[in-house]
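Heads up: the structure comes next, in structure tokens.
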Amino acid sequence: MNQETVNPPRLVTLILLSGLSIVSLNMFLPSLSNIAAEFDAPYALVNLSIAGYAAMTAALQLIMGPLSDRFGRRPVILSGLVLFGLASFGCLLAPNVTVFLLFRMMQAAIISGHTVSLAVIRDTSGSRKSASLMGYLAMAYAIAPMLGPMFGGALDGLFGWRASFAAFLVFGLSVFALCLFDLRETNLSPSQTMGQQFRAYPELFGSRRFWGYALCMAFSIGGFYAFLGGAPFVATVLFGIPTVELGLYIGSITCGFVFGSFLAGRFAARHALTTMMIAGRLVACAGLISGLVIVLLGYVHPVTLFGACIFYGMGNGITMPGSNAGALSVRPKLAGSAAGLSGALTVGGGAVMSAITGAVLTEHNAAYGLLGMMLLSAVLGLFAAISVLWVDRREM
């Protein structure tokens with residue numbers, strides 16, 4: 001496909017699409033207890049609106065990516081926004097917890113806003129420019145979940161928990177209207193049939209380069225999920241950090257990610273994808289090794305622990321745009337499928353790392369155990385990035 005013939009959407013459109021798909025996960029987190037109380041339902045059941053939603057987004061990425069390769073990016077994104085709006089309206093009016101959870105699972109259709117946006121960028125840009133644009137997109141990906149719970153908590157306090165879903169409805173309709181006018185079709189050579197597309201999948205699945213990019217992403221995000229799973233335990237057990245301050249410490253890694261994404265946006269267009277990926281992994285490893293050495297020497301302090309994690313977030317911000325762009329560039333005609341598969345692998349890998357970290361941490365190994373698990377994930381991501389470089393040099 002000649003990228004010069006494609007009329008790309010404005011970057012702000014893709015940023016809003018991606019931000020909405022991410023903020024929908026956690027904006028109403030402060031309302032979970034109120035939802036459980038109103039429906040007289042166990043908190044564990046209401047919590048499925050988070051855990052079940054995350055699992056649904058992982059599954060839908062495997063479907064929506066291929067659908068966008070077959071039918072085009074625009075109809076998949078617009079359909080996802082319509083389903084999101086209808087589901088938000090259903091949650092807003094839900095009379096019981098069963099109906100609420102049913103419509104909440106339907107809201108997961110908005111994940112197309114992030115997954116297919118990556119394919120749109122790849123359709124309209126070369127691999128290096130794609131990495132640069134994805135760096136700026138990743139900043140929204142990081143900032144949205146930081147601000148979302150604050151906004152949702154304010155809405156709950158003023159108007160009750162249903163106000164968050166009224167806001168989702170308004171956001172969804174607004175972004176739909178924007179996409180209706182700004183988002184043109186960028187997939188100019190869609191698959192003729194789903195069967196034809198599935199027959200092309202072995203090209204993607206059999207590519208060592210694709211698996212190198214995808215595993216680099218999975219292990220990079222895996223360390224972040226390990227942090228999310230272990231940081232609250234470490235902060236409470238070792239430092240007695242009160243809940244009101246805990247969010248600030250946990251947000252430190254996201255601040256690093258935002259800065260790293262900014263660096264990727266600035267420099268990715270001028271450097272090879274593997275250069276950015278390996279640089280990001282080295283930053284992450286260096287920060288964690290330094291923190292681990294200091295902790296093992298006996299200097300256990302919140303600044304030591306969370307300072308090292310800031311470098312991990314920065315490394316992820318530098319790495320992720322390049323690995324995302326690379327995975328989608330291996331087989332450009334399967335960019336949507338590649339985005340969906342790599343996204344599902346990333347979510348699945350993160351869930352596994354979070355579970356393992358939660359299982360291995362104890363009061364005695366809390367500090368070095370958390371840094372060690374994150375370092376393991378960072379090193380595995382580095383090996384995956386190096387494997388792509390090795391494949392590139394072999395095929396030169």
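Read the figures in this text as sums done on the coordinates, not as results from a lab. Computed from a predicted structure; not experimentally measured. Glycine gets a Cβ as well: all are built from the backbone with ideal geometry, and neighbour counts include every protein chain shown.
The stretch between Leu158 and Thr362, if pulled fully straight at 0.36 nm per residue, gains 69.5 nm over its current Cα-Cα span. Taking the charge dipole of region 268-396 about its Cα centre, with +1 at Lys and Arg Cβ atoms and -1 at Asp and Glu Cβ atoms, the residue from Pro332, Phe306, Ile318 reaching farthest to the positive side is Pro332.
Counted as membrane-span-like here are DSSP H helices of the chain whose alpha-carbon atoms extend 18 Å or more along the helix's own axis and whose Kyte-Doolittle mean is 0.0 or above; these are 11-26, 48-71, 73-93, 127-159, 162-182, 208-239, 252-267, 273-296, 302-329, 335-360, 366-394.
Across the chain, where is the longest run that never hits GluC sites (Glu not before Pro) in a DSSP loop with at most 15 other C-beta atoms within 10 Å? Here the longest run is 1-184. Computed about the Cα centre, the dipole magnitude for region 3-190 is approximately 420 debye when only Lys and Arg (+1) and Asp and Glu (-1) carry charge, each at its Cβ. Remark: the Ala51-Leu93 segment gains 13.0 nm on full extension, using 0.36 nm per residue and subtracting the alpha carbon distance.
Computed on the Cα atoms alone, the convex hull of region 3-190 gives a volume of 100 cubic angstrom per residue.
The listed peptides 296-304, 311-319, ordered by packing as a protection proxy, come out as 311-319, 296-304 (highest mean of other Cβ atoms within 10 Å first). Net charge in the neighbourhood of Asp182 (other residues with Cβ under 13 Å of its Cβ; Lys, Arg +1, Asp, Glu -1) is +3.
Computed from the alpha carbon atoms alone, the convex hull of region 260-303 holds 62 Å³ per residue. Applying a DSSP loop filter and a limit of 10 other Cβ atoms within 10 Å to the trypsin sites (Lys or Arg not before Pro) in region 208-286 leaves nothing.
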